[in-house]
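**Student:** Would you mind keeping the following structure in view while I ask a few things?
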Amino acid sequence: MDLKAAPSAAETRVVTLPDAAVAEVRCRVFRARPTEPIAMSFAPLTHRVMVLIEVELADGSVGVGESWANYPSWAWRERIATIQDGIAPLLKGRSFPDPATAQRALLARLAPLGRQWGAPGPVHQAISGVDMALWDLAARHAGTSLARLLSPSPRTELPVYGSSLGPTGVAEVADRCVALGLTAVKVKVGFGADTDLANVGTARRILGDEAQIFADANQAWRLTEALEIVPALADLGVAWVEEPLAGDRPSELAELTRHTGMPLATGENLYGAAAFTPYLEAVEILQPDLGKAGGVTEYLAVLAAAEAAGRTVNPHLYNGAVATAATVQAGAISSATRLIEWDIRSNPLRQAADGLLTAHGTVRVPDGPGFGIDLDQDQLDAYEEQLA
């Protein structure tokens with residue numbers, strides 16, 4: 001696959017929404033207990049969560065988005081209130097020429113509340129889902145996929161790396177990656193040097209010398225700790241380290257790279273495109289999450305800035321089917337995106353998108369309207385929370 005053949009994000013088409021007011025904003029929540037342990041350096045993931053937002057216009061057209069709500073375990077309850085009480089009243093009865101106009105209107109009203117609340121993250125996460133739904137609507141209105149709405153010639157497949165290896169069962173999960181045809185993986189670290197290095201070594205042994213291996217610390221280390229372990233990870237062939245430092249401060253990240261030469265990645269916990277600006281010089285890889293940072297609208301702004309700075313944008317992805325499909329669509333429009341993250345542990349809430357994964361280490365970009373997938377309500381029924 002020729003990455004150079006992919007167009008720039010600047011080569012976009014005119015985007016419009018139907019000339020109809022917003023009639024309804026609905027929120028639906030699906031939760032499933034993992035069939036295997038999913039640990040992070042800060043807390044286990046007790047449930048798979050998919051918070052869906054449906055925006056329906058007066059003409060009957062509907063778009064669907066997804067808001068990230070993996071942590072804390074009660075985040076989905078807050079998300080319902082923010083969408084129903086905070087967002088829906090600002091949208092209903094109004095029409096917007098395009099998704100970005102609606103997104104900016106929501107941020108103008110709700111970002112100050114998020115600041116006072118001390119919760120800019122949840123506000124952006126809620127708006128992300130609505131923005132995603134509006135982009136789904138815009139693409140469906142144009143009769144095309146999101147990728148083709150944004151680019152005249154998007155890629156049709158994207159390289160994938162398997163994530164969620166470790167801290168236990170690394171050998172079994174690595175074997176699964178081999179069976180899936182993956183040649184790049186990310187190992188969870190931050191569980192102590194002995195465990196971390198052993199797990200990376202296991203992944204290397206099973207996947208072979210040609211595989212790319214990355215490490216994700218979820219901000220587990222202080223700078224002094226990272227300066228000790230990162231060279232050891234480099235000796236095992238780790239190609240880049242994600243969120244190595246607690247606090248995620250750009251100056252410390254830059255210092256870590258200067259002392260170790262290790263390329264770094266971050267961005268899943270940044271909100272709004274402006275927040276990424278200090279990181280353009282500090283890290284090689286930016287990782288905005290479409291369900292957290294502000295939706296497709298904010299993702300495109302991050303992508304444009306990263307392209308101008310010569311940085312890579314490998315979006316963060318650890319969600320259900322809708323966010324997965326939207327991320328794949330957005331990743332297809334620019335050569336700045338080198339890899340798509342693919343959580344290789346089981347996730348019944350992602351089933352509608354699982355068929356996009358090929359047998360040769362890539363994900364297929366769906367070409368249907370909007371995000372290009374159809375949810376199976378019968379399959380999801382068992383996981384839906386009954387909201388009052």
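The values are calculated or read from the model by the stated rules, or taken from the named source; none is laboratory data. Just so we're clear, the structure is a prediction, and the values are computed from it rather than from any experiment. As a convention, Cβ positions derive from the backbone with ideal geometry for all residues, glycine included, and neighbour counts pool all protein chains shown. For the accessible areas, the whole protein counts, side chains as well, though only heavy atoms, and no ligand, DNA or RNA atoms are used. Shrake-Rupley method; radii C 1.70, N 1.55, O 1.52, S 1.80 Å.
**Student:** Taking only pairs six or more apart or across chains, which ones have beta-carbon atoms under 6 Å, a first residue in segment 98-116 that is within 19 Å of residue 18 (Cβ to Cβ), and a second residue that is of a type in the set (S, T, N, Q) and not in a helix (DSSP H, G or I)?
**Tutor:** 98/16
**Student:** Something else: I need the full set of residues from segment 280-310 which are in a helix (DSSP H, G or I) and open to solvent by less than 10 Å² (accessible area, probe 1.4 Å), in order please.
**Tutor:** Within segment 280-310, 295, 296, 299, 302, 303, 306 meet the criteria.
**Student:** Hey, could you check segment 1-42 for residues that are surrounded by fewer than 16 Cβ atoms within 10 Å (Cβ to Cβ), farther than 27 Å from residue 383 by Cβ and among the β-branched types (Val, Ile, Thr) and say which is modelled with the highest pLDDT?
**Tutor:** Across segment 1-42, the extreme among qualifying residues is 16.
**Student:** Would you mind stating whether residue 153 is under 29 Å from residue 304 (Cβ atoms), open to solvent by less than 10 Å² (accessible area, probe 1.4 Å) and at pLDDT 95 or above? Don't jump to the end; show me each part of the working.
**Tutor:** Values: under 29 Å from residue 304 (Cβ atoms): yes; open to solvent by less than 10 Å² (accessible area, probe 1.4 Å): no; at pLDDT 95 or above: yes.
When the stated conditions are applied, residue 153 does not pass them.
**Student:** Follow-up question, since we're still on this one. In segment 263-274, how many are closer than 23 Å to residue 42 by Cα, crowded, with 18+ Cβ neighbours inside 10 Å and not acidic (Asp, Glu)?
**Tutor:** Final tally of qualifying residues: 6.
**Student:** Which of (1) more than 20 Å from residue 289 (Cβ to Cβ); (2) under 22 Å from the mean Cα position of the chain (by Cα); (3) open to solvent by 10 Å² or more (accessible area, probe 1.4 Å); (4) not hydroxyl-bearing (Ser, Thr, Tyr) does residue 100 not meet, given it meets every other one?
**Tutor:** (1)
**Student:** Exactly one of (1) in contact (Cβ under 8 Å) with a residue 60 or more places away in the chain; (2) in contact with a strand residue (DSSP E or B) (Cβ under 8 Å, 6 or more places away or on another chain); (3) within 23 Å of residue 38 (Cβ to Cβ) is unmet by residue 338. Its number?
**Tutor:** (3)
**Student:** Something else about it: So, in segment 112-123, exactly how many residues are open to solvent by 20 Å² or more (accessible area, probe 1.4 Å) and under 21 Å from the mean Cα position of the chain (by Cα)?
**Tutor:** So the count comes out to 2.
**Student:** I've got another one for you. Return the pairs, sorted by first residue and then second, in which the second residue is surrounded by 15 or more Cβ atoms within 10 Å (Cβ to Cβ) and of a type in the set (Phe, Trp, Tyr), the first residue lies in segment 59-85 and is touching a residue at least 24 places away in the same chain (Cβ under 8 Å), the beta carbons are less than 6 Å apart, and the residues are 6+ apart or on different chains.
**Tutor:** Taking only residues 6 or more apart or on different chains, the pairs are 69/76.
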